[in-house]
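To start, the structure itself, in structure tokens.
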Amino acid sequence: MKTFKINNRIIGEGYPAYIIAEMSANHAGSIERAKEIIRVAKESGADCVKIQTYTPDTLTIDCDNEYFQIEQGTWNGENLYQLYGKAYTPWEWQKELKEEADRIGIDFFSTPFDKTSVDFLEELGLDFYKIASFEMIDLPLLTYVAEKGKPIIMSTGMGSLEEIKEAIEAVYATGNRQLAIMKCARAYPADPADMHLKTISDMMRRFQIPVGLSDHSLGSLSATTAVALGASVIEKHFCISREIENPDASFSMPP
């Protein structure tokens, strides 16, 4: 089983799970709240805070036809462009947020969604990257990120077995072997009964690399079960309070 390091932490089987607090939209439009989330995540024992680097225009187009409407789940009735406008973390904040994380001693990284966001994050000096489930099949983006020579944590929630293999091979083809993959159920919130957590053990056996859980369920049951099954990384959406209205509050974990 391969291992790799994120800063001073070894990621892999037999080592303590690396805990990521995903901020996402929980800043609810306030940079001061975003900084507070970073501080409270550190106080709560998280190893890392994660954000996402996109704008509505880098993800979609401003269109109201049926293909750009969400028709089920947490965001039922939302238009994609408008939803991303409410959820994104302004790029002009991100240097300050990284500086706050550095100041208090918690790791900080982000999910890029295109090459422009990778270039931006490189300028910020990030030490590692997250790849979201939807981007796992964007092999040119994977290659571009992997060529930076930094660790990658990659969610696989939308991927078939063949697609996961292709994604791993795309990263490895660059010579970068610092990779963990994440079991991920793409429901928000996810029902633990539908998450098929034993897949974690199977993924570890098949791919011989660190495997974690990107957990959108409520509470800690799924995460602790995943660690018992060998998960090396746990990612949970994290908020100050679920009463603060934003697109991610309903499935996020408070301190």
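Points worth noting:
- Measuring nothing but alpha carbons in the chain and taking Rh as the Kirkwood radius, the Rg to Rh ratio lands at 0.93.
- Ranking Tyr84, Ala173, Thr156 by how far each Cα lies toward the positive end of the dipole of the chain (charges on Cβ) leaves Ala173 at the top.
- The slack between Glu36 and Thr58, meaning 0.36 nm per residue of separation minus the straight C-alpha distance, is 5.2 nm.
- When the helices of the chain are scored as -39500 (n - 2.57) per DSSP H run of n ≥ 4 and the total is divided over every residue, the value at 222 nm lands at -9500 deg cm²/dmol.
- Candidates Val233, Ile51, Ala132 compared by Cα position along the dipole of the chain: farthest toward the positive end lies Val233, with charges placed on Cβ.
- Per-pair calculated FRET efficiency, R0 = 51 Å: Trp91 and Thr3 via Cβ, rounded to 0.05: 0.95
- Within the chain: Cβ-based charge dipole about Cα centre, in debye rounded to nearest 20 (Lys, Arg +1; Asp, Glu -1): 1120 debye
- 10 Å beta-carbon shell around Asn79, net charge (K/R +1, D/E -1): -3
- Per-peptide average of other Cβ atoms within 10 Å, ordering 158-171, 101-114 highest first: 101-114, 158-171
- Using equal-weight Cα scatterers in the Debye expression, the normalised intensity of the stretch 179-255 in log10 at q = 0.11, 0.12, 0.17, 0.28 Å⁻¹ is -0.28, -0.33, -0.62, -1.28.
- Three-way shape label, the stretch 91-162, alpha-carbon gyration tensor, a/c 1.5: prolate
- Pair Gln208, Ile137: separation of 7 Å Cα→Cβ label points (nm): 2.8 nm
- Cα→Cβ-extended label distance, 7 Å offset, between Glu166 and Ser250, nm: 3.2 nm
Every read-out reported here was derived from the displayed coordinates using simple, explicitly stated rules and does not represent laboratory data. Everything quoted here is computed from the prediction, not taken from an experiment. All Cβ positions, glycine included, derive from the backbone under ideal geometry; neighbour counts span all protein chains shown.
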